[in-house]
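Q: Once you've had a glance at the structure underneath, I'll fire off some questions.
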Amino acid sequence: MSSSSPSGTGVPGRIGIGLQMDAIHMKMLEILRENARISVAALAERVGISRASAYTRLDALRADGVIKRFTAEVDHVRAGLGITALLFVTVRQQMWKQFRAQLAQMPEVEYCAITTGQHDAMIQVRMPDVAAVHTLVTERLANIPAVKATETVFILDEVLRRPYVLPSDRRQQPRQNPRKAPAPEQSPRRPSGIDPEGPSTIPLGKMRFVGAAEGRADMHKDDD
């Protein structure tokens with residue numbers, strides 16, 4: 001979401017033509033996340049607005065930079081890049097400009113972020129096999145003068161990948177009902193006439209309840 005406004009006042013949530021980001025804009029972004037090739041007419045119908053309003057709102061989102069571009073999502077495995085690795089890099093602090101310039105010349109790099117912690121940058125690459133990753137790290141990345149050290153981590157499975165997330169996603173989470181404590185189980189009362197010394201049919205760990213009449217009879221036996 002953009003934090004700038006046409007007047008330069010920096011009002012959060014303002015978009016290109018002066019409209020305030022609202023639930024309709026969020027709904028449009030949710031639908032476009034599922035299918036960016038949806039027609040404006042279908043988009044308007046799903047959101048519940050007129051086609052003219054959908055055109056206006058969509059143009060505003062693009063003009064303001066909320067929507068940067070439309071692209072395709074590719075299956076990397078079927079495209080021949082079945083190995084994904086994270087390369088953690090320690091950069092020589094005086095050579096950041098050179099590091100950025102060299103990285104831009106590596107088409108294998110899908111994503112790079114400057115990070116806090118033990119390393120300075122995290123690079124994600126897509127390669128055809130493990131040998132290609134090894135060659136990239138040892139013969140190309142490690143030979144960049146700006147790179148001081150590297151650590152390679154292979155991704156075994158990409159569990160979840162979303163094109164983008166929205167503030168409205170949190171509000172749509174289903175509410176979880178608090179768990180109720182299960183009602184305590186009550187052991188069945190032993191019918192009268194059953195020999196108390198006989199085989200017990202009560203499971204282990206259960207309490208044995210004795211009827212009041214039986215208890216009094218036992219007390220009289222003790223008195224005798």
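Q: Suppose R0 equals 35 Å. What FRET efficiency, 1/(1 + (r/R0)^6) with r the Cβ-Cβ distance, do Thr56 and Thr135 give to the nearest 0.05?
A: It comes to 0.10.
Q: Also, I was wondering about something else. What figure, in Å² to the nearest 10, do you get for the accessible area of Phe70 with a 1.4 Å probe and non-protein molecules left out?
A: The value for Phe70 is about 90 Å².
Q: Ok, one more. Between Ala104 and His76, what's the calculated FRET efficiency when r is the beta-carbon distance and R0 is 30 Å? Round to 0.05.
A: 0.90
Q: Another question, then. Charges at C-beta only: +1 for Lys and Arg, -1 for Asp and Glu. How large is the resulting dipole of the stretch 27-121 about its Cα centre, in Debye rounded to 20?
A: 260 debye
Q: Something else about it: In nanometres, what is the gap between the two model label sites at Ala149 and Glu30, each 7 Å from Cα along Cα-to-Cβ?
A: My value for the distance between the label points is 4.6 nm.
Q: What does the highest-first list of 120-126, 72-78, 56-62, 139-145 look like by mean Cβ count within 10 Å? Display every interim value, and only then the final one.
A: Numbers: 120-126: 19.9, 72-78: 9.3, 56-62: 17.9, 139-145: 13.7.
Peptide ranking by packing, descending: 120-126, 56-62, 139-145, 72-78.
The values are calculated or read from the model by the stated rules, or taken from the named source; none is laboratory data. Here the structure is a predicted model, which means the values were calculated and not measured. So basically every Cβ, Gly included, is an ideal-geometry build from the backbone, and we count neighbours across all protein chains shown. Each accessible area value is taken on the protein alone, full model and side chains, heavy atoms only, with ligands, DNA and RNA left out. Shrake-Rupley method; radii C 1.70, N 1.55, O 1.52, S 1.80 Å.
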